[in-house]
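Below is one structure, written out as structure tokens; comments come after it.
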Amino acid sequence: MKYSTSIKPISFLKTHASEVIREVSANRGTMIITHNGEAKVIVQDVHLYEETQESLALLKILAQSSQSIEQGRYKPVSESFGLIRQQISNHQEL
């Protein structure tokens, strides 16, 4: 989506709110709303927003994982699975 076609003044939003919502939802898009010639807010399809938030969460997890590896805070997979198996075994004995 080209943002240049999705920039509207706040007066447009005020007079065409239903149309804006319909368009943004139908296109799963984003619309930039300006006030006094400056971009101020974004109106975005909720599904697109959720996808964006999920992507950001995954990127954050990746960044934290990379940081942990750099700091030496990790265990080999075999050790991790061994600990998990041991916890399951202990839980089943209860």
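So that you can scan it fast, the table gives a plain yes or no per residue for (1) loosely packed, with under 10 Cβ neighbours inside 10 Å; (2) closer than 30 Å to E23 by Cβ; (3) hydroxyl-bearing (S, T, Y):
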position: V46; (1), (2), (3): no, yes, no
position: E54; (1), (2), (3): no, yes, no
position: L59; (1), (2), (3): no, yes, no
position: Q67; (1), (2), (3): no, no, no
position: E70; (1), (2), (3): yes, no, no
position: P76; (1), (2), (3): yes, no, no
position: S80; (1), (2), (3): no, no, yes
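So, in segment 43-77, of the ones that are touching a helix residue (DSSP H, G or I) at 6+ places or on another chain (Cβ under 9 Å) and of a type in the set (A, V, I, L, M), which residue ends up nearest to T5 (Cα to Cα)? Checking each candidate, the answer is V43.
The numbers here are math on the coordinates, done by the rules we state, and not lab data. Since this is a predicted model, take the numbers as computed values, not measurements. Every residue, glycine as well, gets a Cβ built from its backbone with ideal geometry; the counts of neighbours run over all protein chains shown.
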